[in-house]
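The values are calculated or read from the model by the stated rules, or taken from the named source; none is laboratory data. Since we're looking at a predicted model, the values are computed, not measured. Here the Cβ is made from the backbone with ideal geometry for all residues, glycine too, and neighbour counts use every protein chain on show. Keep in mind that these areas ignore ligands, DNA and RNA; they rest on the heavy atoms of the full protein, side chains included. Shrake-Rupley method; radii C 1.70, N 1.55, O 1.52, S 1.80 Å.
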Amino acid sequence: MNNNDLVSGFNDEKDDSLKISLEKVDAVDNAILVILNGYIDTYNSVYFQKQVNKIVGNGFVNIVFNCSNLNYVSSTGIGSFTAFLKLVKPKNGDIVLLNIQPKVYEVFQLLGFSHFFNIKETIEDAINHFKQDSNPAGASVFPKIFSCPVCSRKLKATRQGRFKCSDCKAILAIDQNGNVFLG
């Protein structure tokens, strides 16, 4: 399917450093898969933001970014993802980052953003995330008891955020779904 069939005028602009392809996600309302190929930095982030704004402007507020062919993201690029999250959240939408390469994930971790984003391994995981989010609130995962992934000490989190293990001092992050990450 042509990108312009999903988002009018999407292919009107191009950038050689970042190729973007679109696929509809039928299993979730207002969902789209955005396949990124290349890199996002200070120079092409304006192009990236324009293209995603077109997507949201066409009613797609549940966005899955397939990052398997995204080989670099600068802090400006991460800022773009943060802006998209702020754009879709008030519209009852969300974003999921899929198949992030380790060196790109490291940038998210170093800047402290890995726990802000829903990072999944498969499109099925992303679809399940959106379906879970559409369920009525009230089934909170907090407080959550979990084991430190470094030293296995039992810890308790009352909310999402970043924490320090009381034993090994590892920095941990826990997302709104209760998933625990280093970082």
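Below is a table of values for the structure above.
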| item | result |
| --- | --- |
| Every residue from region 163-183 that is among the small types (Gly, Ala, Ser) and in contact (Cβ under 8 Å) with a residue 60 or more places away in the chain | GLY183 |
| Candidate set: region 152-165, residues that are open to solvent by 60 Å² or more (accessible area, probe 1.4 Å) and in contact with a strand residue (DSSP E or B) (Cβ under 9 Å, 6 or more places away or on another chain); chosen: the one nearest to SER114 (Cα to Cα) | ARG162 |
| Near pairs, Cβ below 8 angstrom, 6+ apart or cross-chain, from region 78-91 (touching a residue at least 24 places away in the same chain (Cβ under 8 Å)) to any residue that is of a type in the set (Ser, Thr, Tyr) | GLY79/SER45; SER80/SER45 |
| Subset of region 28-42 [more than 16 Å from ASP5 (Cβ to Cβ) and in contact with an Asp or Glu (Cβ under 9 Å, 6 or more places away or on another chain)] | GLY38 |
| Unmet requirement for LEU33, which otherwise passes all of (1) at pLDDT 95 or above; (2) loosely packed, with under 15 Cβ neighbours inside 10 Å | (2) |
| Boolean, GLU23 is open to solvent by 40 Å² or more (accessible area, probe 1.4 Å), in contact with a Phe, Trp or Tyr (Cβ under 9 Å, 6 or more places away or on another chain) and of a type outside the set (A, V, I, L, M) | no |
| Residue check, LYS50 in a helix (DSSP H, G or I), farther than 23 Å from GLN176 by Cβ, charged (D, E, K, R) and open to solvent by 30 Å² or more (accessible area, probe 1.4 Å) | yes |
| Every residue from region 86-118 that is closer than 14 Å to ASN62 by Cα and buried (at least 16 other Cβ atoms within 10 Å of the Cβ) | LEU87, VAL88, GLY93, ASP94, ILE95, VAL96, LEU97, LEU98, PHE117, ASN118 |
| Criterion violated by LYS169 - all others in (1) in a loop (DSSP other than H, G, I, E, B); (2) closer than 16 Å to HIS115 by Cα; (3) not aromatic (Phe, Trp, Tyr) satisfied | (2) |
| Which listed residue, of TYR39, TYR43, is among the hydroxyl-bearing types (Ser, Thr, Tyr), under 26 Å from GLU121 (Cβ atoms) and either open to solvent by 60 Å² or more (accessible area, probe 1.4 Å) or at pLDDT below 95 (or both) | TYR39 |
| Residue list for region 84-132, filter: within 21 Å of ASN69 (Cα to Cα), at pLDDT 90 or above and of a type in the set (Gly, Ala, Ser) | ALA126 |
| Candidate set: region 166-179, residues that are open to solvent by less than 50 Å² (accessible area, probe 1.4 Å) and within 17 Å of the chain's Cα centre (by Cα); chosen: the one farthest from PHE142 (Cα to Cα) | ALA173 |
| Odd one out for ASN128 among (1) under 15 Å from the mean Cα position of the chain (by Cα); (2) surrounded by 13 or more Cβ atoms within 10 Å (Cβ to Cβ); (3) part of a loop (DSSP other than H, G, I, E, B) | (3) |
| Qualifying residue in region 2-18 (condition: crowded, with 18+ Cβ neighbours inside 10 Å, under 19 Å from ILE119 (Cα atoms) and under 18 Å from the mean Cα position of the chain (by Cα)) | no |
